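A.B. asks: One structure is given below, represented as structure tokens, and several questions about it will come after.
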């Protein structure tokens, strides 16, 4: 009597994050049942209380590293996994929580928490690649479900995921969308942002917010003067580059504007 072939075991892990990228898998709806037939979801606390100690053929990791315990846990995940894929801005670029890297952590804890002595955090929030070798990174805040299915399918097939590294501008052109930056004078981060969203915001007449982080060879310092001519103040430029992917180079290298005093404003 022949046995059915062993299904690849997949584990999905959460670190410092909002769970949104994990939920993208559950949001696959029609595709989810087919995926579940092909893989053994061995660890996924967002979807099941059943757990396994591994080893795992593929680990999908959401979230950034913010505590010493996180470092130990992600190293254990790496040891137990044949392949590790990070998903989302938190795992690939530190996420929103990495904004505290630009401030004083002790002061932030004192302001926010009544008893900060109970907290134990690292000085900086970092992406997963700062601590282990990663086989593939999937960008987005949140990720795109079509790309997630491509990643899972590629590892089932034993090949590298076919994820484009073009900018959002390419997606605009492919959709026949007029450039909001050139045609309408709307500030847009599309020229320096990694594609993957299908140019969602420009298709609705809004500029790109940079949800998928910097594209390969992004040069925000070249885009910044154009944003200035369109009326976007330097402090707002700093803010839009320091959101979902604040700790991802080169976004994090955008200079903080020098504050202008009231007296300087009155004489300008």
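Only the coordinates and a few stated rules stand behind these numbers; no lab work does. Here the structure is a predicted model, which means the values were calculated and not measured. Every residue, glycine as well, gets a Cβ built from its backbone with ideal geometry; the counts of neighbours run over all protein chains shown.
A.B. asks: In a Gaussian network model over the chain where Cα atoms closer than 10 Å are linked, find which of 187, 55, 116 has the largest mean-square fluctuation.
C.D. replies: Evaluated over the chain, the most mobile residue of the options is 116.
A.B. asks: Taking square-rooted eigenvalues a ≥ b ≥ c of the alpha carbon gyration tensor, is the chain rounded, prolate or oblate, where a/c under 1.5 means rounded and, failing that, a/b exceeding b/c means prolate? Can you show the working numbers first?
C.D. replies: Working: a/c = 2.70, a/b = 1.42, b/c = 1.90.
The shape class here is oblate.
A.B. asks: Pull out a ≥ b ≥ c, the square roots of the eigenvalues of the alpha-carbon gyration tensor of region 96-216, then state rounded if a/c is under 1.5, prolate if not and a/b is larger than b/c, and oblate in the remaining case. Before the final figure, lay out the partial values.
C.D. replies: On the way: a/c = 3.06, a/b = 1.41, b/c = 2.17.
It comes out oblate by the Cα gyration axes.
A.B. asks: Hey, another quick one. How do the peptides 171-179, 245-253 rank, highest first, by the average count of neighbouring beta carbon atoms within 10 Å per residue? Walk me through the numbers before you get to the answer.
C.D. replies: Details: 171-179: 15.2, 245-253: 19.8.
Order by mean packing, descending: 245-253, 171-179.
A.B. asks: Please work out the Cα center distance from region 135-189 to region 25-57, rounded to the nearest Å.
C.D. replies: 24
A.B. asks: Then there's this: Connecting C-alpha atoms closer than 10 Å in a GNM of the chain, tell me which of 34, 100, 239 has the biggest fluctuation.
C.D. replies: Answer for the Gaussian network model of the chain: 34.
A.B. asks: Which angle between 0 and 90 degrees, to the nearest 10, do you get for helix 68-80 versus the longest principal axis of the chain when only C-alpha atoms count?
C.D. replies: 40
A.B. asks: Here's a follow-up. What is the chain's relative contact order, in percent, from Cα pairs under 8 angstrom and six or more apart in sequence? Don't skip to the answer; put the middle values down first.
C.D. replies: Working: 462 pairs, mean separation 44.3, N = 268.
In percent, rounded to a whole number, it is 17.
A.B. asks: Let me ask you something else. Does anyone have the angle between helix 145-157 and the longest principal axis of the chain? Alpha-carbon axes, 0 to 90°, nearest 10?
C.D. replies: With rounding to tens, the tilt is 40 degrees.
A.B. asks: While we're here: Taking springs between alpha-carbon atoms closer than 10 angstrom, which of 31, 46, 107 fluctuates most in the Gaussian network model of the chain?
C.D. replies: Of 31, 46, 107, the most mobile in the Gaussian network model is 107.
A.B. asks: Right, something else. Fewest to most neighbouring Cβ within 10 Å: what's the order for 234, 29? Intermediate results must be reported in sequence, preceding the final value.
C.D. replies: Details: 234 16, 29 8.
Sorted ascending by nearby Cβ count, the order is 29, 234.
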